[in-house]
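*Asks:* After the structure tokens below, expect a handful of questions from me.
The values are calculated or read from the model by the stated rules, or taken from the named source; none is laboratory data. Quick caveat: nothing in here was measured; it's all calculated off a predicted structure. Using ideal geometry, Cβ is built from the backbone for each residue, glycine included, and neighbour counts are taken over all protein chains shown.
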Amino acid sequence: MSNLHSQVNDNTPVLVGCSQYLDKKGPEGLNYLDILKIACEKALNDCEAKVSLKDHLDTISVIRFTGDTPNRDSATTDLWGYSNMPRSLGNSLGVSVPNEIYTTTGGNSPQLLLNEICNRIKDQKMDCALLTGGEALDTFVSRLKDGLEVNWGDNPGGEPESLGSQRDLGSEFEKKHGIFEPSSVYPLFANSIRGNEGKSANQHQEDIGNLFSRFSEIASENEFSWFKIHRSVEEIVEATPQNRMVSFPYTKYMNSIIRVNQSAALVITSAKKAKELGIPTSKWIFMHGAGCINDIWNITERENLYSSPAIRKCAEAIFSKAGRTQSDVSFYDLYSCFPSAVQIAKKEIGIPDKDTRDLTVTGGLPYYGGPGSAYVVNSLASMVNKLRENQGSYGLVNANGWFLTKHGLGIFSSNPFLGEWNQVVDSSLLQKEIESLEHPEFIEEANGRGSIETYTVVNSREGPTKAIIIGRMEDGKRFVANTERNENLLTKMMQKEMLNATGTVKFDNSRNIFQPD
């Protein structure tokens, strides 16, 4: 043990084990429980402890699965059969623990959960925790399509502690207009970004192509990636039968892929416990700063759709906590469900435009794979390995839930944290600052003249089906609307510039309908 590691306070949390698992067996693949079990066993073995870690676990925590998300009408939720996944997982591993935690839905959940575990280790309320998450949606969907039985489930009794916000992703009025599926919402951010930057749709597409082609290249070299394909800028940008337009301006290859079988796990202990277990210090990774903050919840109520005050405030706070600057970071993993998430996070974190550092260590959700709310467990595992291989370097991980709503950031390093550990930002004051930001007045029933602030056109495999518009009335009040379902109009909206286009909006039968001039 190095002299510095021997000086680490006993109750400092340390990431000591990690794993990732990929299952490409289609209909014959693993179920939800077994795919977690394999990842957890790998993570426990990764610690290289001198004794069995299973005998020392006091916490099993699991990221909520897509199929167990409340208020969703789908085959996955109807067939969900696990009443207490942390306990089922413990039973499958042959352990019983006093702390069972199950998060709410959201891509921010892994960072939120890690922060909570680290704080409880600091407060000596736990000292050896397992954190895991994943999806087996490819096997699930494949079996349904093949007419095979899916009777996955387990009812071990008990009820886990719930961690995270239960609040739904938006208002009912927003949902009526199509603000529900992420693939239809993140393009609204995209067109807002290019409007703010004064770029044409083609220029914006080229930016995305350059950004995501590099992501796909990194994924192509990652043994745990779902798609090991390096796609060119042209392949990503051009709409083709293989790469159809999903929601303008995003083609299929710009969208997160959730139908995957992937899992990952982390082991977190106190420094004292890691020493007792004989875990080599070469395995130790420290969290030097972390935080979670939400933006204004409903997107129709935000100041604009090209920025994130919450990411900016969170980044400033965690860099201050860590005593580090942007130039100290060697590795990033920015949450990449869609290009706009990366573009906004990059700007708000303060990464310069021409910076040459890669923005992912996995390859990103459209190429590496996006196992539901659990992706950041995979990116954290990737970051842990990257930092072990590059001793003394720093890495930053960005997490994102709902519609650029719930944010998490963490700074990690193999460099030992010395002194009293208290590195999770108290976000209560920052959250109040976010909530008090000025923003446009939103009206539900809009009638009169208005203009388009941002928009998207949703496409099916057959062609355009619906436009979603966020706009401003002449008095500055904001509205959300659709257009009439007119294929010629929808096609025109994808071919001609519609930002700031004027027209008439009318409330009709529970929705606003916008008619461009």
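*Asks:* Quick test of your reading of the structure: Leu404 fulfils all but one of (1) crowded, with 19+ Cβ neighbours inside 10 Å; (2) not in a loop (DSSP other than H, G, I, E, B). Name the failing condition by number.
*Replies:* (2) is the only condition that Leu404 fails.
*Asks:* Among the residues of segment 137-158, which ones are loosely packed, with under 11 Cβ neighbours inside 10 Å and assigned to a helix (DSSP H, G or I)?
*Replies:* Result: Lys145, single match.
*Asks:* Another question about this same structure. Restricted to segment 159-173, and to residues that are acidic (Asp, Glu) and not in a helix (DSSP H, G or I), which residue is surrounded by the fewest Cβ atoms within 10 Å (Cβ to Cβ)? Steps first, please.
*Replies:* Applying the first criterion (acidic (Asp, Glu)) to segment 159-173 yields 159, 161, 168, 172.
Remaining after also requiring not in a helix (DSSP H, G or I): 159, 161, 168.
Details: Glu159: 11, Glu161: 13, Asp168: 16.
Ranking the candidates gives Glu159 first.
*Asks:* Between a residue in segment 343-355 that is in the same structural domain as Pro309 (by TED's automatic domain parsing) and under 18 Å from Ile318 (Cβ atoms) and any residue that is assigned to a loop (DSSP other than H, G, I, E, B) and hydroxyl-bearing (Ser, Thr, Tyr), which pairs come within a Cβ distance under 8 Å, given they are 6 or more apart or on different chains?
*Replies:* What qualifies is Ile344/Tyr306; Ile344/Ser307; Ile344/Ser308; Ala345/Ser308; Ala345/Tyr335; Lys347/Ser307; Glu348/Ser307; Glu348/Ser308.
*Asks:* Oh, and also: Working only within segment 14-33, note down all residues that are of a type in the set (Ser, Thr, Tyr) and either surrounded by fewer than 16 Cβ atoms within 10 Å (Cβ to Cβ) or without any contact (Cβ under 8 Å) to a residue 12 or more places away in the chain (or both). Steps first, please.
*Replies:* In the first step, residues of segment 14-33 are kept if they are of a type in the set (Ser, Thr, Tyr); the result is 19, 21, 32.
Within segment 14-33, no residue meets the criteria.
*Asks:* Also: Inspect all residues belonging to segment 439-452 and state whether any of them is in contact (Cβ under 8 Å) with a residue 60 or more places away in the chain, over 27 Å from Thr405 (Cα atoms), more than 27 Å from the chain's Cα centre (by Cα) and in a loop (DSSP other than H, G, I, E, B). Spell out the reasoning first.
*Replies:* Going through segment 439-452, the residues in contact (Cβ under 8 Å) with a residue 60 or more places away in the chain turn out to be 439-440, 442, 444-447, 450, 452.
Filter again for over 27 Å from Thr405 (Cα atoms), leaving 447.
Remaining after also requiring more than 27 Å from the chain's Cα centre (by Cα): 447.
From the residues that got through so far, the ones that are in a loop (DSSP other than H, G, I, E, B) too are 447.
The answer is yes; a qualifying residue exists.
*Asks:* On to the next question. Do we find that Arg478 is more than 24 Å from Ser200 (Cα to Cα), in contact (Cβ under 8 Å) with a residue 60 or more places away in the chain, surrounded by 13 or more Cβ atoms within 10 Å (Cβ to Cβ) and of a type in the set (Lys, Arg) in this structure? Give the steps one after another, and end with the answer.
*Replies:* Numbers: more than 24 Å from Ser200 (Cα to Cα): no; in contact (Cβ under 8 Å) with a residue 60 or more places away in the chain: yes; surrounded by 13 or more Cβ atoms within 10 Å (Cβ to Cβ): yes; of a type in the set (Lys, Arg): yes.
No.
*Asks:* Moving on to the next point. Right, Ile236: crowded, with 23+ Cβ neighbours inside 10 Å, assigned to a helix (DSSP H, G or I) and outside the structural domain of Ile38 (by TED's automatic domain parsing) or not?
*Replies:* Details: crowded, with 23+ Cβ neighbours inside 10 Å: yes; assigned to a helix (DSSP H, G or I): yes; outside the structural domain of Ile38 (by TED's automatic domain parsing): yes.
Here the answer is yes, as Ile236 does meet what is asked.
*Asks:* When only residues in segment 363-399 that are among the charged types (D, E, K, R) and in contact (Cβ under 8 Å) with a residue 24 or more places away in the chain count, which is surrounded by the most Cβ atoms within 10 Å (Cβ to Cβ)?
*Replies:* Per the stated criteria, the residue is Lys386.
*Asks:* Counting only residues that are within 18 Å of Gly370 (Cα to Cα) and not β-branched (Val, Ile, Thr), which one in segment 34-64 is surrounded by the fewest Cβ atoms within 10 Å (Cβ to Cβ)? Walk me through how you get there before you give the answer.
*Replies:* As a first pass, look at segment 34-64 and keep what is within 18 Å of Gly370 (Cα to Cα): 35-36, 39, 62-64.
Next, only the ones that are not β-branched (Val, Ile, Thr) stay: 36, 39, 64.
Numbers: Leu36: 32, Ala39: 28, Arg64: 22.
Once the filter is applied, the top-ranked residue is Arg64.
Okay, residues lined up against (1) buried (at least 19 other Cβ atoms within 10 Å of the Cβ); (2) in contact with a strand residue (DSSP E or B) (Cβ under 7 Å, 6 or more places away or on another chain); (3) part of a loop (DSSP other than H, G, I, E, B):
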position	(1), (2), (3)
Leu409	yes, yes, no
Asn422	no, no, yes
Asp426	no, no, yes
Glu433	no, no, no
Leu489	no, no, no
Asn500	no, yes, yes
Asn512	yes, yes, no
Gln515	no, yes, no
